[in-house]
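Written out below as structure tokens is the structure these notes cover.
Read-outs: derived from the displayed coordinates by stated rules, not from any lab. What you see is a predicted model, and the numbers here were worked out from it, not measured in a lab. For neighbour counting, all protein chains shown are included, and Cβ atoms are generated from backbone atoms with ideal geometry for every residue, glycine included.
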Amino acid sequence: MLYLDTLPKGAHAVIEKIEQRAPLDPIATRLEELGFVPGEAVQVVATGPMGRDPIAVRLGTSRFALRRGEAARVGLRTAA
């Protein structure tokens, strides 16, 4: 499975799942509250210096900056 932290800049994908790293994972819960839910399209629009943190992503009409550890919880499938 492809994950948001490995998606190349400019690439589009669709969210497949949000992984819970622990019971009631607060980061995964917050991502879901922000709209990172299965079926939503996502695109990486920028990365930090030399490909490091943060990752800027577009979700609908909103943009979010995520750490790679947070983005690693977002499982993707390629956009058709």
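Values computed for the structure shown
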item: At most 15 other Cβ within 10 Å, DSSP loop - GluC sites (Glu not before Pro), the stretch 13-67; result: E19, E40
item: Calculated P(r) tail over 15 Å for the chain, as whole % of Cα pairs; result: 50 percent
item: Loop-located trypsin sites (Lys or Arg not before Pro) in the stretch 1-68, at most 15 other Cβ atoms within 10 Å (DSSP); result: K9, R21, R52, R67
